[in-house]
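What follows is one structure encoded as structure tokens, with my remarks underneath.
Coordinate-derived values only; no laboratory data. None of these values were measured; they are calculated from a predicted model. We place every Cβ from the backbone using ideal geometry, glycine too, and count neighbours over all the protein chains shown.
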Amino acid sequence: MLRDFIMTAFFLSGAIVQAQDLPKSVSIIPQPVEIISSSGAFDLRTNTSISFSSKEVLPSAVYLSDYLGRYLGYPLAVKREKVTPKQTIRLINQKNGQISGGYRLEVTPDGITINGNDDAGVFYGVQTLIQLLPIRAGIMPVVPALTVRDYPRFAYRGMHLDVVRHFFPVSFIKQYIDYLALHKMNYFHWHLTDDQGWRIQMKCRPELTEVGSYREGEIEGLYPGVYTPLPYGGYYTHEHVKEIVAYAAERYITVIPEIDIPGHCMAVLATYPQFSTTPDEAKKCALTWGIFNKENNVLAPTPEVFEFLKDVFSEICDLFPASYIHVGGDECAKRWWQASDQTQRFMKEQGLKDEKALQSYFIHYVQQVVNAKGKTLIGWDEILEGGISPDCIVMNWRTTPHAVKAIKTGHRVIMTPSAYTYLNIKESRSQSELAFPGLLPLEKVYKFDVIPDSLTVAEASQVWGGQGCLWTEYVSTPWKAEYCLFPRLSALAENLWSAPECKSWERFVQKMEQQYQRYDLWGARYSEAFFRVQDILRKR
Ligand code: ACM
């Protein structure tokens, strides 16, 4: 936390230097703090090795060797070496207590050295080095001599994925995490439950996946959608979760699970209709998109429901090593509580003045469960509506005034305003694929100002970072998810990593020419709207 404040204060002091006279081949996304070019170059050969200073740095060394082997055709040997000969890429964790994720990368004709402030810094230095290499396989690279000094603007750089509306296999979740790592992102927000399905094994309640992970049909078309009666579903076991969490950790990415309550709960109510305000009616996982449909009930405040929440959130806290758990808390249809005598009685007994206060009661209850496990609660910005304790982190998905309210009431905030960061929104009007209405072009993502300008310096330091979201109502396959991500993930990453003084839209557009070749190298699908942006810029 203290580091976050220091980081923001440093940036606000304006102590940023930008590089001049770089070789054209130097195209790093996100833009580093400083790049200084020098004379000469380092020739990588097949006998070049990767050395590491301590065992904590080994995953970065292995990652680099794997990347070189997989994409460029020359895996290099990884060695622990005390005395480093020439022809070595040296990875060193300086453990110097400076900004987490910061690093210094030095390329000289004799070798390459990456000094990280910590392990994550070494890993980000490796990501930068990867971007200095040629993009085509088979050529042994010549890396221009230079020094990069770099550190992130924000400590939280996240990307979300909804695996409920459509389910994605473990292999794609890993691929998604790889894409985040290649962009120096460090949080993966995994949206695991919603009206259309429950996607995580619960050993305390096995019925949740037996019943709640399947819906009767594939839902097709724009909201509200129609369904084809063909069972659709899937879920992740504890073993899958452990595999994914470990994979992410090797890439310095923390996985934050989201269990969305007290609305967005039809998969729970399909399993336990008695947990709703209409306990006698059988229920199904939602068969349309949208939350405020007449069928979509919410959790009722009963002892059984609170017992359920305690069991589920305790198991989630034990399964995920992250210090943060996401409770959802968005878009709860309060009319169900208004129409329920039993709920109204509960509110009276507890002295809750309205349904917003009841929503807070639910969130506060889960917060206590999560806090007892030593973890911190995150929720969408609706959790503020009935008041919530200051140590909850607010994820702002609506407009700036909601974020400002959260900040002014003492909360840390993650900025993910839908108008700028929901990558499921169409990127270009000419895209024919089904997508969320609206328009979110690359330039709009790039120019999104993460810190609202009405904030004081002290208030700005409460902005922990930002996040992109990918809701998957209209994203039914991995390739379409990639199509939504790219190229906008690259803009988002630069927004979250690079200080405003280091950013330039014109330079970003130039850098994207190489970035598209990297997408090709990774086999990632992308939207071509960018090429139209380029045409427009050329004509100016
Ligand atoms: C949200 O988009 N309902 C968080």
Dipole of the chain [Lys/Arg +1, Asp/Glu -1 at C-beta], most positive-end residue of 62, 254, 468: 62
Rounded to the nearest 20 debye, dipole of the chain from Cβ charges on Lys, Arg, Asp, Glu: 1480
Positive-end residue of 504, 423, 166, charge dipole of the chain with Cβ unit charges: 504
Principal-axis tilt of helix 119-132 within the chain, Cα atoms, nearest 10 degrees: 60
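Just from its helices, what would the mean residue ellipticity at 222 nm be for the chain, if runs of 4 or more DSSP H residues each count -39500 (n - 2.57) and the sum is divided by every residue, rounded to the nearest 500 deg cm²/dmol?
-10500 deg cm²/dmol, from helical runs alone.
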For the chain: rounded, prolate or oblate by the Cα gyration tensor [a/c cutoff 1.5]: prolate
Share, in percent, of DSSP beta bridges within region 20-177 that are antiparallel, nearest 5: 60
The chain: angle of helix 2-12 to the longest principal axis, Cα-based, in degrees nearest 10: 60
Links that overshoot a 31 Å alpha carbon limit, given the list 408/447; 373/480; 353/426; 353/408; 405/480; 294/353: 373/480; 353/426; 405/480
Dipole magnitude of region 293-407, debye to nearest 20 (Cβ charges: Lys/Arg +1, Asp/Glu -1, about Cα centre): 300
Listed residue pairs exceeding 20 Å between alpha carbons, taken from 184/503; 174/310; 184/511: 174/310
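Note down the relative contact order for the chain as a percent, whole number, built from C-alpha pairs under 8 angstrom at least six residues apart.
On the way: 1141 pairs, mean separation 77.2, N = 540.
For the chain, the relative contact order is 14 percent.
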Helix 58-67 vs. the chain, principal-axis angle (Cα, 0 to 90°, nearest 10): 80
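Using 0.36 nm per residue, how much length does the chain from residue 443 to residue 54 gain when fully extended, once their Cα-Cα distance is taken away?
Full extension of this stretch gives 135.9 nm more.
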Loop-located chymotrypsin sites (Phe, Trp or Tyr not before Pro) in region 265-301 whose Cβ has at most 14 other Cβ within 10 Å (DSSP): 292
Residue among 308, 487, 93 farthest towards the positive dipole end of the chain, charges placed on Cβ: 93
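In region 427-497, which GluC sites (Glu not before Pro) fall in coil by DSSP and have 14 or fewer other Cβ atoms within 10 Å?
Passing sites in region 427-497 are 433.
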About the Cα centre, charge dipole magnitude for region 406-446 (Lys/Arg +1, Asp/Glu -1 at Cβ), debye: 220
Efficiency of FRET from Cβ geometry, residue 507 and residue 81, R₀ 30 Å, rounded to 0.05: 0.20
Region 214-260: C-alpha gyration tensor shape, a/c 1.5 cut-off, then a/b vs b/c: prolate
